[in-house]
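Quick note: the coordinates plus some simple rules give every number you see, no bench work behind them. Quantities reported herein were computed from a predicted structural model and do not represent experimental measurements. Cβ: placed from backbone, ideal geometry, glycine included. Neighbour counts: every protein chain shown.
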Amino acid sequence: MSQISGLKGIAPTIVNSEQFIDGQQFITLVSASEETGYGIYEMTFPSNALQLELNPAFAYVRQDGTPLKYQTDINWRVIPN
């Protein structure tokens, strides 16, 4: 994470570097304490930052045995303190 602009100060911290996500729960990735984290920051993720792992015993397939296409939505929320 690098600061692009704004007041220099204490940057936000990355809370989770690796997190298993299963279901509809919210996961906190970055957090800033009160009176910190001012400015505009850029977060860069590696090319394999998000993986989908499926258990073949529970994966859905068509009747002919070909796999179905999986997709997901990633939603970001910024929650001010």
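Summarising the amide proton neighbourhood of residue 39: residues at separation of 5 or more, or on other chains, whose placed amide H is nearer than 5 Å comprise 7. Each residue of region 31-48 is assigned a 3J(HN,Hα), and the resulting list reads 9, 9, 5, 4, 6, 10, x, 5, x, 10, 10, 10, 10, 10, 10, x, 5, 10 Hz, derived from the Karplus form 6.51 cos²θ - 1.76 cosθ + 1.60 (θ = phi - 60°), x at Gly and Pro. Neighbour counts of other Cβ atoms within 10 Å put 60, 41 in the fewest-to-most order 60, 41. When the chain is treated as a GNM with alpha-carbon contacts under 10 Å, the residue of 44, 36, 66 showing the greatest mean-square fluctuation is 66.
Extending 7 Å from the Cα toward the beta-carbon at both residue 7 and residue 64 defines two label points whose distance is 6.2 nm. Values (1) 19.5, 60; (2) 18.0, 59; (3) 17.4, 54 are given for comparison; Rg and Dmax of the Cα atoms in Å, derived from the coordinates here, is the one labelled (2).
Compared with the alpha-carbon gap, the fully stretched path from residue 27 to residue 51 is longer by 7.1 nm at 0.36 nm per residue. Each Cα pair under 8 Å and six or more residues apart adds its separation to the average, and for the chain the resulting relative contact order is 31 percent.
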